[in-house]
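Single-structure report; data block below.
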Amino acid sequence: MAEPAVNITKQITDEGLVTGASKLTPDKIEQVINTVLKAETGARLKTYVDICVHCGLCSEACHFYLSHDKDPKYSPAGKVKQTIWEILNKKGKVDAEFIKRASEIASTECNLCRRCAMYCPFGIDVAYLLITMRRICHKLGVTPQYIQDTAHSHSATINQMWVKDDEWIDTLMWQEDEARGEIPDLRIPLEKEGAEIYYSVIGPEPKFRAQLIYQAAVIMHAAGVDWTMPATPGWDNSDMCMFTGDFEMMARLKKVHYESAARLKVKKIVMGECGHAFRSVYDVGNRALGWKMPPIPVVHAIEFFYELIRDGKIKIAKKYQKPVTFHDPCNTVRGRGLHEMGRFVTNATCEKLIEMHPNREHNYCCSAGGGVINCGPPYKKTRVDGNRIKAEQLFAAKARGAKTIIAPCHNCHGGLEDIVHHYGLDMDIKFLGDIIYETMEKPE
């Protein structure tokens, strides 16, 4: 593994934090903090705070802590102590500089990956504590600028990339036309009422990764799936508002998504390869709207691909030849337990799987999730320096022969690409859809 360039600590100036903090008064800070704590937390927060015995067992679970030579300020408990615990101890009497730093810690030095909760003897959910801190910062108007801009896009367009309605439809028609060059009778069915499957993607796909829509269409066609995509807002299943603490907008986004699927009377929603979007639709947005479970069954692409291959609807012509290793996205593995399904698909399509260690629910986060990559270029160095342990993990897999990383999640792709480049690992990164498309039998 190549050594990164010499570290030079540089103060990050984030306009969202600086401008937001400049507008705060002590009274406003105290009032907002205590309103959130009283109206939105309750027994869960009190229980976590009361039962923590400061044992530090969560520390060894955190990639930021391990990657910063076990500096205690990067440990999960250390981050909580610098943020929400200080607020509780002082009953909200903190200043604007504290809020600015607390927002930076909660939004850019924690991926909400929940690995630490597995190592805590009491199962304390540190991600919940830090998202509560983000919620307070959102209510105070102190959020990193780049991710706030993304939340603004969600608010204005119901997608995270400012994609206009006609641009969305044009992209689908373009990808259908491209795919028909390979399979003449292929269609991307728009607005098909009563279809078995409603396929939804995240905003970056039509903007930057349109080939994934092409590949999904080929997979659907080859498998004989009865499917559709909407021509109206609701197609984007992503949700940065969940990570800024703007829970009102998060609920609005999920409402539009569910209503779009309900309007078309589909049987279930299949989501593309994105971890945080799955979490927002399957686990968070539904509860924000008052449903224990989603009103329409939701399936992640990992599970969908597993079913297609298991049931013989997709047949493999020739397996992918390069040795691969499998990265476990936090939100689909720790959050949904899809690790064995991911490996089933990988083993069915690839000649050789070399496991990275640790793996499955113990795998390290990519350091991009939880909205951290969406905080933008100012924090890129924070991310890659904060995940040296992932680079070491990948290098060990490469030393045993792995040449390609399979990562069935968009944010994981972004985070791993930065790590591979920064640490000179020289490994390919692919989605499961990339591998399936490359190895499957296609209609003549």
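The values are calculated or read from the model by the stated rules, or taken from the named source; none is laboratory data. Predicted model, so just to flag it, every value in this text is computed and none were measured. Heads up, the Cβs are rebuilt from the backbone with ideal geometry, glycines too, and the neighbour counts pull from every protein chain shown.
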Task: the stretch 138-150 - residue that is touching a Pro at 6+ places or on another chain (Cβ under 9 Å) and closer than 18 Å to GLY386 by Cβ and, of those, surrounded by the fewest Cβ atoms within 10 Å (Cβ to Cβ) - done: TYR146
TODO: Could you please tell me which pairs satisfy a Cβ distance under 8 Å, a separation of 6+ or placement on different chains, a first residue in the stretch 113-137 that is assigned by TED's automatic domain parsing to the domain that holds VAL32 and buried (at least 20 other Cβ atoms within 10 Å of the Cβ), and a second residue that is in a helix (DSSP H, G or I) and basic (Lys, Arg)?
DONE: VAL126/LYS79; LEU130/LYS79
Open item on the list: When the residues of the stretch 296-322 are narrowed to those that are under 17 Å from the mean Cα position of the chain (by Cα) and of a type in the set (Val, Ile, Thr), which ends up surrounded by the most Cβ atoms within 10 Å (Cβ to Cβ)?
Closed with: ILE302
Open item on the list: Could you go through the stretch 403-422 and let me know if any residue there is more than 30 Å from ILE105 (Cβ to Cβ) and either out of contact with any Gly (no Cβ under 9 Å at 6 or more places or on another chain) or outside the structural domain of SER367 (by TED's automatic domain parsing) (or both).
Closed with: yes
- [ ] Considering (1) under 27 Å from TYR146 (Cα atoms); (2) touching a helix residue (DSSP H, G or I) at 6+ places or on another chain (Cβ under 8 Å); (3) of a type outside the set (A, V, I, L, M), say which one CYS52 fails and leave the rest.
- [x] (1)
Open item on the list: With the structure loaded, tell me whether ALA396 is among the aliphatic types (A, V, I, L, M), closer than 17 Å to CYS113 by Cα, at pLDDT 95 or above and touching a His at 6+ places or on another chain (Cβ under 9 Å) or whether it fails that test.
Closed with: no
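Here's the yes/no breakdown for (1) part of a loop (DSSP other than H, G, I, E, B); (2) of a type in the set (Gly, Ala, Ser); (3) surrounded by fewer than 20 Cβ atoms within 10 Å (Cβ to Cβ):
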{"position": "ALA222", "(1), (2), (3)": "no, yes, no"}
{"position": "LEU253", "(1), (2), (3)": "no, no, no"}
{"position": "HIS257", "(1), (2), (3)": "no, no, no"}
{"position": "ALA262", "(1), (2), (3)": "no, yes, yes"}
{"position": "PHE278", "(1), (2), (3)": "no, no, no"}
{"position": "TYR282", "(1), (2), (3)": "no, no, no"}
{"position": "ARG287", "(1), (2), (3)": "no, no, yes"}
{"position": "PRO294", "(1), (2), (3)": "yes, no, no"}
TODO: Looking at (1) modelled with pLDDT of 95 or more; (2) aliphatic (A, V, I, L, M); (3) not in a loop (DSSP other than H, G, I, E, B), find the lone condition where VAL94 falls short.
DONE: (3)
- [ ] Report whether or not VAL281 is free of Cβ contacts under 8 Å to residues at least 40 places away in the same chain and among the β-branched types (Val, Ile, Thr).
- [x] no
Task: Residues of the stretch 357-391 classified as of a type in the set (Gly, Ala, Ser) and in a helix (DSSP H, G or I), total - done: 1
- [ ] Sort out which residues of the stretch 9-32 are part of a helix (DSSP H, G or I) and either over 27 Å from the mean Cα position of the chain (by Cα) or exposed (fewer than 14 other Cβ atoms within 10 Å of the Cβ) (or both), and write them in order of number.
- [x] GLU15, VAL18, THR19, ALA21, SER22, PRO26, ASP27, LYS28, ILE29, GLU30, GLN31, VAL32
Task: Test: residue in the stretch 336-348 that is over 26 Å from GLY123 (Cβ atoms), aliphatic (A, V, I, L, M) and surrounded by fewer than 24 Cβ atoms within 10 Å (Cβ to Cβ) - done: yes
TODO: Please work out which residue is surrounded by the most Cβ atoms within 10 Å (Cβ to Cβ), limiting yourself to the stretch 414-440 and to residues that are under 20 Å from GLY386 (Cβ atoms) and touching a residue at least 60 places away in the same chain (Cβ under 8 Å).
DONE: LEU416
Open item on the list: Name the residue that is surrounded by the most Cβ atoms within 10 Å (Cβ to Cβ), counting only residues in the stretch 349-371 that are closer than 15 Å to ASN411 by Cβ and in contact with an Asp or Glu (Cβ under 8 Å, 6 or more places away or on another chain).
Closed with: ALA368
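Quick grid of which residues meet (1) within 21 Å of LEU308 (Cβ to Cβ); (2) at pLDDT 95 or above; (3) outside the structural domain of ARG134 (by TED's automatic domain parsing):
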site	(1), (2), (3)
ASN237	yes, yes, yes
MET240	no, yes, yes
PHE247	no, yes, yes
ARG252	no, yes, yes
LYS255	no, yes, yes
LYS268	yes, yes, yes
GLY272	yes, yes, yes
SER280	no, no, yes
ALA288	no, no, yes
Open item on the list: Please verify whether SER59 is small (Gly, Ala, Ser), surrounded by 21 or more Cβ atoms within 10 Å (Cβ to Cβ) and under 27 Å from the mean Cα position of the chain (by Cα), treating the condition exactly as stated.
Closed with: no
TODO: Filter the stretch 354-385 for residues that are of a type in the set (Val, Ile, Thr) and under 25 Å from THR150 (Cβ atoms) and give the result.
DONE: VAL372, ILE373, THR382, VAL384
Task: Filtered residues of the stretch 392-420 (kept if farther than 21 Å from LYS207 by Cβ, in a helix (DSSP H, G or I) and under 24 Å from the mean Cα position of the chain (by Cα)) - done: GLU392, GLN393, LEU394, PHE395, ALA397, ILE419, VAL420
